[in-house]
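Read the structure below first, then the notes.
The values are calculated or read from the model by the stated rules, or taken from the named source; none is laboratory data. No experiment lies behind these values; they were computed from the predicted model shown. Note that we place each Cβ from the backbone using ideal geometry, even for glycine, and neighbour counts take in every protein chain shown. The protein model used for the area step is the full one, side chains on, heavy atoms only, and it has no ligands, DNA or RNA in it. Shrake-Rupley method; radii C 1.70, N 1.55, O 1.52, S 1.80 Å.
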Amino acid sequence: MKKIIFTFLLLISALMIFSFNKTYADELSIKSQAYVLYNTNNLDEALKLLNSLPDDEKDEEVFVILANVYEDKKDINQAVENLNNSLRINPEYYKAYYNLGCIFLNKKAYNLAEKNLLLAIKYNKDFAYSYYNLGTLYIKTGDFEKAKKNLLKAIYLKNDEKDFYLNLAYAYKFLGKEKDAKRFLEIYNSSK
């Protein structure tokens with residue numbers, strides 16, 4: 001009798017593990033498919049696929065992908081809502097802060113952009129694009145010394161991104177450092 005109960009319990013456990021793994025695999029599959037659709041500019045299909053997930057199966061990454069789709073579709077309110085949903089799940093998710101920072105930067109809401117980009121950096125100090133966009137923000141607001149500092153950090157982290165060099169050249173130009181501006185502009189032009 002003990003052997004039958006043990007076998008029954010083992011079978012139930014295996015079914016539960018399979019069911020959990022199948023659900024997890026399905027979610028991964030939907031996320032992966034949606035990401036491919038998004039990257040190939042099939043926004044409506046990506047949206048349809050992501051929205052087919054039950055809310056309790058959407059993680060912070062799903063909400064960021066949803067936000068990207070809505071932003072590309074020019075529905076900024078939905079994008080911001082999805083990024084906030086992402087942060088409700090994981091208040092330290094740097095990609096959500098980064099995307100919020102970029103949205104606010106584009107909207108010229110510089111205080112909100114700065115706040116979110118600094119939070120993105122707080123939670124991932126190695127993501128070069130946060131520093132780049134923060135440097136861009138400082139160029140737009142006239143704080144060229146902070147712009148230079150952040151753009152140098154972006155280049156330190158990712159030295160193959162040519163736009164980083166162009167913005168750094170602008171920062172140096174506005175700081176009156178023509179020689180440095182010219183040097184970084186040459187790097188930018190040589191990497192085309």
**OP:** Label the range 44-118 by shape, choosing from rounded, prolate and oblate, from the square roots a ≥ b ≥ c of the eigenvalues of the Cα gyration tensor; if a/c is under 1.5 it is rounded, and otherwise prolate applies when a/b is larger than b/c, oblate when it is not.
**Re:** oblate
Original post:
Across the range 95-112, in residue order, what do the Karplus-derived ³J(HN,Hα) couplings come to in whole Hz, using 6.51 cos²θ - 1.76 cosθ + 1.60 with θ = phi - 60° and x for Gly and Pro?
Top reply: 5, 5, 4, 4, 5, 4, x, 5, 4, 5, 4, 5, 7, 6, 8, 5, 5, 5
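Quick check: at a probe of 1.4 Å, how many percent of the accessible area of the range 61-192 sits on carbon and sulfur atoms? It would help to have the intermediate numbers written out before the result.
On the way: 3400 of 7090 Å².
Result for the range 61-192: 48 percent of the exposed heavy-atom area is carbon or sulfur.
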Original post:
Expressed as cubic angstrom per residue, what is the convex hull volume of the alpha carbon set of the range 76-148?
Top reply: 69
Original post:
What do you get when you divide the Cα radius of gyration of the range 136-192 by 2.2 N^0.38 Å, with N the number of residues?
Top reply: 1.00
**OP:** Quick one: grab the alpha carbon gyration tensor of the range 107-164, order the square roots of its eigenvalues as a ≥ b ≥ c, and give me rounded if a/c is under 1.5, else prolate or oblate depending on whether a/b is larger than b/c.
**Re:** oblate
**OP:** Compute the accessible area per residue over the range 70-192, keeping the other protein chains in place, probe 1.4 Å, unit Å².
**Re:** 56
Original post:
Per residue, how much space in cubic angstrom lies within the convex hull of the C-alpha atoms of the range 34-192?
Top reply: 109
**OP:** Holding the Cα-Cα limit at 22 Å, pick out from Lys140/Lys162; Lys108/Lys146; Lys74/Lys146; Lys95/Lys173; Lys73/Lys115 the pairs that are longer than that.
**Re:** Lys74/Lys146; Lys95/Lys173; Lys73/Lys115
Original post:
Put a dot 7 Å past each Cα toward the Cβ at Glu45 and Lys74; how far apart are the dots in nm?
Top reply: 2.3
Original post:
Expressed in nm to one decimal, what extension gain is obtained for the pair Glu161 and Asp56 from 0.36 nm per residue of sequence separation less their Cα-Cα distance?
Top reply: 34.0 nm
